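J.: One structure is given below, represented as structure tokens, and several questions about it will come after.
What follows draws every value from the coordinates through simple rules; no lab data is involved. Bear in mind the structure is a predicted one, so any value in this text is a computation, not a measurement. Heads up, the Cβs are rebuilt from the backbone with ideal geometry, glycines too, and the neighbour counts pull from every protein chain shown.
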């Protein structure tokens, strides 16, 4: 598809709000998430202008913004800020579901965190989660299974036995 | 199922969708800045640019563009660091006394560099189109770049040469690949040293090459949550990994082993700490800057006599480089400017002994005496710069200030995200009688020059409102109205000249600076009947860096008239050969503009 003003504006009004929220849940920082998603959008735009084909803007931007929020130099910055924010929220808030689930999420290893957010917040199926994260569907399922177990424990929810053997 | 449902419900509550309004416009601006930054392929650090010497920039840039492969004496010494002031990060080298600043990379995605033991090479991480980083090696001039790794989907970074130069340890991150690795210095024989479940990074060698120190993020447990980050040591083959620092809460990062082998310096949360390799002797080296100030990214000089580190103590959240003794005393600035927050990660090759402690030059300090004063504005200010000239009436000096409103908690915000203001003190009591603001600034905001463009005997004010190797500045006039003086932005009269970025009805703005490929200059001219004109030239050398290159220039001559508007009186395109004349091209800027000094 061609990434032009129309495509960008449509993306901004449909996918952008929830994608920023999803990346923020993964990296723990709203500004870093906005930065990553906008950067990914800009790169898609520039690639399209150079004549490169982008099959699905949603999928491309999701993958790239998660990569940007995750990888190397940006990861360092993002996680430092997330940690500071987490400590602040732990001091300033006394509980509540939202804080619980965010804290529990940030306690997960990165790949589990990403899989959980894509599956349960962005509501991708396991095949789409795999495509976004560059891993196969079986790995997505086992990653989600481990994440669910850890989150169940953390949130004090009983995890049914069969859930450990089910895919997302 | 219960977990699935609760996750969906609570994530729905926790996720806060973003507001897309204005984002498209932000993307446009971001793209334009990116384009400009890509065109500006050389130049020194933003705020360190000596703008009064445009010819110097040209000469300097040409040296970089045509860097000889043979290294000059001393080229393999200094502090290599990443500057992330703008949206992108590139690598620079500077000496510990702040001299010899030079840019090494121009791709906007390079960082986390370190020197080879003999100083002949630098290994670094570069982000390419794959969105993940790979490792490369270059010489200390930034040329002869060689790729070491090529792993789509996996980022390699934080590479460190072994003391004998034969191997490189590094961190990798990517699905299932997190960990510390080692390879031969040519990129072959990659071996993973840490267990797959161990999220480990930032390795550094002991001086005898027998061990590695690194940081580890433990897999969190359900009861403990995110349990901090620990410092570990293992043998160089990955054996006997064991923690030396970690209290389950603090984040301990990026350890660096001292050249003597007896100490390890690292970052703990927002301070630089030191510890012995056996975990004893833990000490905070930077308590003096306060708990809210970032001190991080420490590295040793080759003789172990000094430590370089990044700190936000002078530029709010933005970092700059400093050195200190290994006991935390005698903190000295390396740079006058901020280098962003992202990724300084300095690495120092060369001895500290014999390097004199730099004293900050009073002329380069932004009037520190008035930091925190309110200048009669009703709020305290910082980042104060000023120019004294005849702004309000001929033969009577007044002082024009450009300053940033202090943050509510007392810190000094970056110009990008702050209330910046122009103020005029006409009686010399450091209290402004009139002011104008807020003005938008990017990277920096400062009083720049005070030319008398309309020839009425009083000065106008040029204010730098965007920094970089090309400065963007805007023009203001001072108008007397019924005994009061107003600060008025000067707009462009129709039809303007959009090719020179002078849009009719918009405030007049000019660019100044550039490199060997693209250059923006300002000159004062005498027009007919003693009228003063200003020549603004935008030029590009084509083909880039070719022996037969020519400057393709667009020149516009403007005049500030009695109606308070800037009128375009002439515009032309011309070419002239690019020469090695150290004076630069015919349209180079002078060091003054209508008699007023340019910069700093």
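J.: Using mean Cβ contacts within 10 Å as the protection proxy, how do B:326-337, B:416-427 order, highest first?
T.: Numbers: B:326-337: 18.1, B:416-427: 19.6.
With the highest mean Cβ count within 10 Å placed first, the list reads B:416-427, B:326-337.
J.: At a 10 Å Cβ-Cβ cut-off, how would you order B:598, B:527, fewest neighbours first?
T.: In order of increasing Cβ crowding within 10 Å: B:527, B:598.
J.: In Å and from the alpha-carbon atoms only, list the Rg and Dmax of the stretch B:505-576.
T.: 14.2, 47
J.: Got a sec? How would A:11, B:214 order by Cβ neighbour count within 10 Å, fewest to most?
T.: A:11, B:214
J.: If you take the square roots of the eigenvalues of the alpha-carbon gyration tensor of the stretch B:148-290 and sort them as a ≥ b ≥ c, do you get rounded (a/c under 1.5), prolate (a/b over b/c) or oblate?
T.: Cα axes put the stretch B:148-290 in the oblate bin.
J.: Please arrange B:245, B:463 by how many other C-beta atoms lie within 10 Å of their C-beta, fewest to most.
T.: With the sparsest Cβ surroundings first, the list reads B:245, B:463.
J.: Given labels modelled 7 Å from the Cα in the Cβ direction, how far is it in nm from residue B:581 to residue B:31?
T.: A separation of 3.9 nm, rounded to one decimal place.
J.: Rounded, prolate or oblate: which fits the stretch B:425-502, taking a ≥ b ≥ c as square roots of the Cα gyration tensor eigenvalues, rounded meaning a/c under 1.5, else prolate when a/b beats b/c?
T.: In terms of gyration-tensor shape, oblate.
J.: So, by mean Cβ neighbours within 10 angstrom, what's the order for B:400-406, B:176-182, B:448-454 with the highest one leading?
T.: Highest to lowest by the protection proxy: B:400-406, B:448-454, B:176-182.
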